[in-house]
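All remarks here apply to the structure that follows.
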Amino acid sequence: MTEGKASAPAKVILFGEHFVVYGKPAILASIDKRISVKARIRRDEDDDTIAIRSDIGVAGQYCNGGEFRMVEGGSEAKAVLDPLYYAIKRVLATRNKNMGIEIDICSKVPPAIGLGSSAASCVATIAAVDSLFKRNPSKQNVCKLAIEAESCIHKRTSGADCYVSTFGGLINYDSMSKAFKKLETGGSISLVVASTGVNHSTGHLVAGVKRFRERNQILFESLAKRASDICLEASIALTAGNYEKIGKLMDENQIILQEIGVSHYKADELVEICSKAGALGAKITGAGGGGSIIALAKDKEQGTKIASTIRAAGYQSFEVGIDNNGLVT
Ligand code: PMV
């Protein structure tokens, strides 16, 4: 095979972000916005350069066994591309290969706003490279390598992003056993995403929560317990299609996230706009500190209204559907 192709979806975290890093459950959904990757073997057999280019304006080359040369994207480029380089090298090692590879990434997902673009890029890159050597790479294996690569960005990654991007759908993720269960909903969920326009660093926010936990142990434990119970109640409500209840639980989860210091004044403003526009509930999704919020609408029509109200207030917003496919090769 001379060209490998794969795509993987972005995600939203409906419940449990941050606490999932400390063994608590989370509920995530992969969304119908994908990252597509093409991988090619470089022609020159003696050239082991790994060249990665993404249409988000980042490109670089790793030459002579790993020396980084930035091509596009400034000082941020290396941090974005390192996990992908690591992932490619791991795939080549598992296949006993050492060769130059070119990667082209086409993203429909804005980066660094909590929609899991880096996890989806890792998942799709690993599968695209592996499919150069083997048809239909195993999803389990791709997911495992992606989690390893993601931990280059932040050591404490829960792995939840990589799971949902690889396997798709709405999932209940148990970070203790690293097991996930697909949830069937009692109807279709209308979700709206709104971006604060403020990029975040997941690693910094996770480190901030670690400091909060060290300084406020008892408070953190009780918040984590409540966040965990919210996940449990939300699983039941999702299965029953009880959207009023899910909305209320989202609002409650948002208050907990504010307490641990990961919300942002723009995220709080967006949550308020959604609530005034009639959303059943709204909260940040992902690491926070800016990033994005999600709102639950009672139906598609209301979702469209909420998204346009947010845009009228000067923020980027779009409706999302749940992707049931996950990784596609
Ligand atoms: O903002 P994102 O898409 O990087 O999501 C991070 C989610 C956290 O729970 C904060 C961290 C993790 O590894 O689960």
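Observations, loosely collected:
- Restricting Ala146, Ala160, Ala128 to residues that are within 13 Å of the ligand (Cβ to nearest atom) and under 30 Å from Asn96 (Cβ atoms) narrows the list to Ala146.
- A count restricted to the range 6-34 and to residues that are farther than 15 Å from Ile322 by Cα, under 13 Å from the mean Cα position of the chain (by Cα) and aliphatic (A, V, I, L, M) stands at 1.
- Only one entry of Thr285, Thr239 meets the criterion of being within 18 Å of Ile171 (Cα to Cα) and either acidic (Asp, Glu) or touching a residue at least 60 places away in the same chain (Cβ under 8 Å) (or both), and that entry is Thr285.
- Odd one out for Ser292, checked against (1) out of contact with any strand residue (DSSP E or B) (no Cβ under 7 Å at 6 or more places or on another chain); (2) under 30 Å from Ser151 (Cα atoms): (1)
- Hits in the range 279-326 (condition: away from the ligand (no atom under 16 Å from the Cβ), in a loop (DSSP other than H, G, I, E, B) and buried (at least 24 other Cβ atoms within 10 Å of the Cβ)): Ala279
- Qualifying position, being among the basic types (Lys, Arg) and touching a helix residue (DSSP H, G or I) at 6+ places or on another chain (Cβ under 9 Å), among Arg69, Arg53, Arg43, Arg95: Arg95
- Among the residues of the range 73-125, those that are within 16 Å of the ligand (Cβ to nearest atom), open to solvent by 20 Å² or more (accessible area, probe 1.4 Å) and in a loop (DSSP other than H, G, I, E, B) comprise Lys108, Pro110, Pro111, Ala112.
- The one condition from (1) buried (at least 21 other Cβ atoms within 10 Å of the Cβ); (2) more than 30 Å from Thr239 (Cβ to Cβ); (3) in contact with a Phe, Trp or Tyr (Cβ under 7 Å, 6 or more places away or on another chain) that Ala6 does not meet is (3).
- Total residues in the range 233-278, condition outside any helix (DSSP H, G or I) and surrounded by fewer than 17 Cβ atoms within 10 Å (Cβ to Cβ): 3
- When Lys181, Lys134 are screened for being surrounded by fewer than 23 Cβ atoms within 10 Å (Cβ to Cβ), under 24 Å from Cys231 (Cβ atoms), more than 10 Å from the ligand (Cβ to nearest atom) and more than 13 Å from the chain's Cα centre (by Cα), only Lys181 passes.
- Test: residue in the range 64-72 that is in contact with a strand residue (DSSP E or B) (Cβ under 8 Å, 6 or more places away or on another chain) and either within 24 Å of Asp161 (Cα to Cα) or in a loop (DSSP other than H, G, I, E, B) (or both): no
- Test: Ser228 is open to solvent by less than 30 Å² (accessible area, probe 1.4 Å) and either touching a Gly at 6+ places or on another chain (Cβ under 7 Å) or in a helix (DSSP H, G or I) (or both): yes
- On the stretch given as the range 204-225, residues that are farther than 19 Å from Pro25 by Cα, within 11 Å of the ligand (Cβ to nearest atom) and surrounded by 16 or more Cβ atoms within 10 Å (Cβ to Cβ) total 1.
The values are calculated or read from the model by the stated rules, or taken from the named source; none is laboratory data. A quick note: this is a predicted structure, and the numbers were derived from the prediction, not measured. Backbone-built Cβ (ideal geometry, glycine too); neighbour counts: all protein chains shown. Keep in mind that these areas ignore ligands, DNA and RNA; they rest on the heavy atoms of the full protein, side chains included. Shrake-Rupley method; radii C 1.70, N 1.55, O 1.52, S 1.80 Å.
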